[in-house]
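Undergrad: Please read through the structure below; I'll follow up with questions.
Nothing in this text is a laboratory measurement; each read-out follows from the coordinates by a stated rule. Worth saying up front: this structure is predicted, and the values here are computed from it rather than measured. Cβ atoms come from the backbone with ideal geometry, glycine included; neighbour counts cover every protein chain shown.
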Amino acid sequence: MSAADGGVSPANAAPAVAAGRLLPPLLILLCLGVASVMVAVAVGSVPIPLPELWAVFTGEGSALHRTLVLELRAPRALAAFAVGGLLAVAGALMQVLLRNPLADPYVLGLSGGAAVGALAAMLLGLGAAIVSGAAFAGALLSTVLVFGLAHGTGSWTPTRLLLTGVVVAAGWGAVITFMLAVGPTERLPGMLYWLMGDLTYARTPWIAMTTVAVACLLAMPLGRSLNVLARGPMQAAALGVPVRALEWSIYIGASLITAVAVTTAGSIGFVGLVVPHMLRLVLGNDQRLILPAAALAGGILVTLADTLARTMIAPEQLPVGVITALLGVPTFLYLLYRSR
């Protein structure tokens, strides 16, 4: 049957099949993501029932509820969702780049560089905006340092890049320990909270949300090339993929994504490691599906973890990195056991 008779041409059949296979899990994750944000907005020291929440979003509701939702909880929930998506997408990209399911952007020292920059600004008593800028500068410095040392006088390999990142991360860790040891006692709690991940001051989620949306839009068209690259650089080159340019783009892009996440919420571990690995066990290894699914699943994880962190021992709050570690370690061990 021809296309004119209502059939599907061979050229359009593959995209139609791919879209039909990719959409259902993404729609499920999207619904779960919206639900997680709604839970984060409704739950707290002052619980807000769903009818009142709807009234706030439609421009009505009490003044207290409007302040809680629109000025405090909603920006924090959206920031948590965006940060989780950024970390998960960065982890998925780094695992393709290094062809190692255990790779994580934090292993490459990006978090350590950002932490050093932020802690230096905190020690100088600078404002929150300067702290975020210093963290971003530290992450970019770590990116340049790791990439430059790994490249050397020749081309870098995934193993050399990973080892260089581990060494640089250890160096940043020593600098952080020194700064904590010589820092003023009254500033140590804030510094430690930032190191463990803290969304308390995340009042502007739009930069992180825009970044994760742009990252997914730019990475998804490269899904086929990423699928081939995951099988090895020689096979990718044989099939016409520009391997070196693609590897540089992945590394720089993942570094920038991680830097935005760290400047928004501090150091939150295990998200970029566990989420992509878990999705590959469930959904397969098609990067056209894994990348947007990682953005949604990572956002769900961090949003729910932040909700738990601020309500578990209310009115006190826990760093969200503590919750992700408590959830991530047993989950990752289970995934390792299941994948044997």
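Undergrad: Fewest to most neighbouring Cβ within 10 Å: what's the order for HIS65, HIS277? Please list the in-between numbers first.
TA: Details: HIS65 18, HIS277 22.
By the 10 Å Cβ count, ascending: HIS65, HIS277.
Undergrad: Output the relative contact order of the chain, whole-number percent, from Cα pairs under 8 angstrom with separation of 6+ residues. List each step's numbers first, then the result.
TA: Details: 500 pairs, mean separation 100.0, N = 340.
The normalised contact order for the chain reaches 29 percent.
Undergrad: Looking at segment 96-152 from every direction and averaging, what is the projected area of its Cα convex hull in nm²? Before the final figure, lay out the partial values.
TA: On the way: hull surface 17.8 nm².
For the Cα atoms of segment 96-152, the hull's average projected area reads 4.4 nm².
Undergrad: For a test of the definition: using alpha carbon positions, the gyration tensor, and the 1.5 limit on a/c, classify segment 118-250 as rounded, prolate or oblate. Working shown, then result.
TA: Working: a/c = 3.33, a/b = 1.71, b/c = 1.95.
Cα axes put segment 118-250 in the oblate bin.
Undergrad: Where in the chain are the DSSP H helices whose C-alpha atoms run 30 Å or more along the long axis and whose mean Kyte hydropathy is at least 1.6? List each step's numbers first, then the result.
TA: Values: long enough: 10-42 (49 Å, 1.72); 74-98 (36 Å, 1.75); 128-151 (34 Å, 1.83); 158-182 (36 Å, 1.69); 243-265 (33 Å, 1.23); 287-311 (36 Å, 1.05).
Membrane-span-like by this criterion, though nothing is claimed about a membrane: 10-42, 74-98, 128-151, 158-182.
Undergrad: Roughly what % of Cα-Cα distances in the chain sit above 34 Å, to the whole percent?
TA: Values: 16123 of 57630 pairs.
Of the Cα pairs, 28 percent sit more than 34 Å apart.
Undergrad: Please pull out the direction-averaged projected area of segment 278-326, using the convex hull of its alpha-carbon atoms, in nm² to one decimal place.
TA: Details: hull surface 14.4 nm².
Hull-based average projected area comes out at 3.6 nm².
Undergrad: Any idea what the dipole of segment 24-338 comes to, in debye rounded to 20, about its Cα centre with Lys/Arg Cβ at +1 and Asp/Glu Cβ at -1? Mind showing how you got there, number by number?
TA: Values: 14 positive and 10 negative charges, 139 e Å.
The dipole of segment 24-338 has a size of about 660 debye.
Undergrad: Then there is this: Just the Cα atoms of segment 238-292: what Rg and Dmax do they give in Å?
TA: Calculated on Cα positions, Rg and Dmax stand at 13.8, 41 Å.
Undergrad: Loop-only check: which trypsin sites (Lys or Arg not before Pro) in segment 195-275 are DSSP coil with at most 12 other Cβ within 10 angstrom?
TA: Values: sites: ARG203, ARG224, ARG231, ARG244; in loops: ARG203, ARG231.
When the trypsin sites (Lys or Arg not before Pro) of segment 195-275 are filtered for loop state and at most 12 Cβ neighbours within 10 Å, ARG203, ARG231 remain.
Undergrad: A further question on this structure: Measure out, as a whole number of angstrom, how far apart the alpha-carbon centroids of segment 65-98 and segment 190-209 sit.
TA: Between the Cα centre of segment 65-98 and that of segment 190-209, the gap is 10 Å.
Undergrad: Moving to a separate point now. Provide, as a two-decimal number, the C-alpha radius of gyration of segment 203-340 over 2.2 N^0.38 Å, N being how many residues it has. Intermediate results must be reported in sequence, preceding the final value.
TA: Values: Rg = 16.8 Å, N = 138, 2.2 N^0.38 = 14.3 Å.
Working it through for segment 203-340, the quotient is 1.18.
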